[in-house]
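The values are calculated or read from the model by the stated rules, or taken from the named source; none is laboratory data. This structure is a prediction, so every number in the text was calculated from the model and none was measured. All Cβ positions, even for glycine, are placed from backbone atoms using ideal geometry, and neighbour counts span all protein chains on display. Areas reflect the complete protein model, heavy atoms only, side chains present, ligands, DNA and RNA absent. Shrake-Rupley method; radii C 1.70, N 1.55, O 1.52, S 1.80 Å.
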Amino acid sequence: MTSQNHRAMAKSATAQGRDASLLDHEKEFRASDDDALFEQNLNSSNNSEEDPNLSADVTAKSTTMNELATPYHYVPLEMGGNGRTHKSTVASTALIQEIGGLPTLERMTTHFYSNAFLDSTLDNFIRSHGDPHAKRFSRWIHQKLTGSSVWDEERASRSGRPVTVANGHTIVVHDRSSAHVAAWHSPKRPDHEVGRHFKLDECRVWMRLHFCAMRVIVGDSSPSFTDYYIRFIGHFISVYEGTAPTFARDSARWSADQKNTQEYIDNGRTMNDVLGLSLGQALSQIPQDEADDTCWPHEM
């Protein structure tokens, strides 16, 4: 065997080792997330583009269905799996129907990503704008709230081809856990941050922009959906950063004030008021009763 062949084999072995390490990272993260484990098990048992007309202006106001707004009614989060996994219910399914179903969700996630691509913090986590992020996210939301199989069907249609992330690693993005590992290893991130999980300030930026998209697209059509969805996000954000749920309600309030969104745009789409804060500094920005609430978004 030539020295060139030895080098080629060594290079291949190194690449395989890197990719195995990334797969271990994915498995470790999935094992820490009861909802992700439930999604994986459910999928196993079943065997199974952006809209150019949408404005990237986070200050836009939606009038969609406002005249048909439905009266508010409280819908609790239903939990299974020893109280740690979200379950869809007849009531949560009705909320999705109330806002217009999957098409409305996809408009919401498309609007969110159109702004995330421009955000100075979030875009570093997004390996490629060409991936169908909005389609995947909307179908995940729909499946979680209605019990449908649209996300599983979308996953089954993926090519299975690995994508290249930082430092020459490759990963197959096939579910929520692998998607977030790919984000943590995005080639856009500075070298010293590659592999680091989301921090509190980044989660707050994400929630603020996501709730902005909800307000723009869903508007005032369903106060019950808005209330439920804020709690739904509060539940799921906890696996990425344990302190983040405490700030979901504050993030929703921030998104309702046009002065906040305009200041954000004027600052180059950078949220200077939250980035780099310690937990104590962040807690000082929200009402004391929310800072002290260890049960929300779940029932007592």
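Brief remarks follow.
- Check on E241, more than 30 Å from Q97 (Cα to Cα) and part of a loop (DSSP other than H, G, I, E, B): yes
- Residue among A182, A134, A116, A166 that alone is touching a strand residue (DSSP E or B) at 6+ places or on another chain (Cβ under 8 Å) and crowded, with 17+ Cβ neighbours inside 10 Å: A182
- Residues located in segment 240-264, provided they are hydrophobic (A, V, I, L, M, F, W, C) and surrounded by fewer than 16 Cβ atoms within 10 Å (Cβ to Cβ): A256
- Residues satisfying the stated conditions in segment 246-261, i.e. under 19 Å from F236 (Cα atoms) and hydrophobic (A, V, I, L, M, F, W, C): F247, A248, A252
- One residue from R196, R189 being assigned to a loop (DSSP other than H, G, I, E, B), open to solvent by less than 50 Å² (accessible area, probe 1.4 Å) and of a type in the set (K, R): R189
- Taken over segment 82-103, the residue count meeting the criterion of being over 20 Å from the mean Cα position of the chain (by Cα), among the small types (G, A, S), under 20 Å from W296 (Cβ atoms) and surrounded by 13 or more Cβ atoms within 10 Å (Cβ to Cβ) is 1.
- The residues listed here are S251, S238; of these, the one that is on the phi < 0 side of the Ramachandran plot, touching a Pro at 6+ places or on another chain (Cβ under 7 Å) and of a type in the set (G, A, S) is S238.
- Qualifying positions in segment 261-288 - under 16 Å from L118 (Cβ atoms), assigned to a helix (DSSP H, G or I) and of a type outside the set (S, T, Y): Q262, E263, I265, D266
- Cβ pairs under 6 Å, 6+ apart, first in segment 193-217 and within 17 Å of R231 (Cβ to Cβ), second open to solvent by less than 20 Å² (accessible area, probe 1.4 Å) and in a loop (DSSP other than H, G, I, E, B): R204/V274
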